[in-house]
Structure formats: C-alpha cells, structure tokens
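Participant: Pasting a structure below so you can have a look.
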Amino acid sequence: MVKTNCLNPKVGYNINPYADRVQLTPEQCRKISLSKIGKPRSAETRRKISEAQKGRKQSVAVIKKQVESRKGYRHSEETKAKIRAQKGWKHTEEAKIKIGEANRRRYHEELQ
C-alpha cells in the first residue's frame, strides 16, 4: 500500500489496506471455477472476449495438436443426414475467390 499510495484519497482510494496482498489458494480458485460452469456469459462479456482474441494467430504446433485430436472422429448417421440436407447452400463466385486467396496466403505463411 505504501508503494502504490492507495490509501491517499488524493491519489486513489482503496478501502482495504491489504487489497494488494490477497492471494487465492488453489482450492479457492477451483471453487470459483466450478461455480461459473454452466452460467451463460452476457453479450457484453462475449464482445470483450471476442475483441481480446481478434488478431491473435495460433501457432503451427497448436493447429497440429487440434488436427490430431480430431483424427478418427466419425459423424453419426443423424449428423450425416443433416449435412446432406444442407446441400442447397453454395458460396458465391466472389466468396470462392476470397476463400482461395486466404488459403493460399495461409499456406505460404506456414511454409516460411
């Protein structure tokens, strides 16, 4: 508190003089984590998370790990039927060109 001068009302005020010393135990962290499971996030929270993640690129190692985790996966017959039912939707020619360009850029970046 002395270092940050938080108890000085002119600089900034913190009512708890030990606020910078509070440290959660692993058990407390686990309890908090479990209490949040299954609770929906607000639209504002989702927007903030989205903004924080934009521009981040996954490393090649992470992408390979994700690919490996999906190997051997088989869709159920029900899922296959749903996929077949969606065949009416198609990309426009402009979209196909953009997708191709993006894939070519990504492929060339990974090789370098």
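Participant: List the number of the failed condition for residue 30; all other conditions in (1) more than 30 Å from residue 109 (Cβ to Cβ); (2) modelled with pLDDT of 85 or more; (3) part of a loop (DSSP other than H, G, I, E, B) hold.
Facilitator: Against the list (1) more than 30 Å from residue 109 (Cβ to Cβ); (2) modelled with pLDDT of 85 or more; (3) part of a loop (DSSP other than H, G, I, E, B), residue 30 comes up short only on (3).
Participant: Every residue in region 48-59 that is at negative phi and either touching a Lys or Arg at 6+ places or on another chain (Cβ under 8 Å) or outside any helix (DSSP H, G or I) (or both), please. Step through it out loud before you land on a result.
Facilitator: Residues of region 48-59 at negative phi: 48-54, 56-59.
Of everything in region 48-59, those that are at negative phi and either touching a Lys or Arg at 6+ places or on another chain (Cβ under 8 Å) or outside any helix (DSSP H, G or I) (or both) turn out to be 49, 54, 56, 57, 58, 59.
Participant: With the requirement that a residue be exposed (fewer than 10 other Cβ atoms within 10 Å of the Cβ) and not in a helix (DSSP H, G or I), what does region 60-112 give you?
Facilitator: Result: 71, 72, 73, 74, 76, 86, 87, 88, 89, 90, 92, 112.
The values are calculated or read from the model by the stated rules, or taken from the named source; none is laboratory data. The shown structure was predicted, so the numbers you read here are calculated from the model rather than taken from an experiment. Glycine gets a Cβ as well: all are built from the backbone with ideal geometry, and neighbour counts include every protein chain shown.
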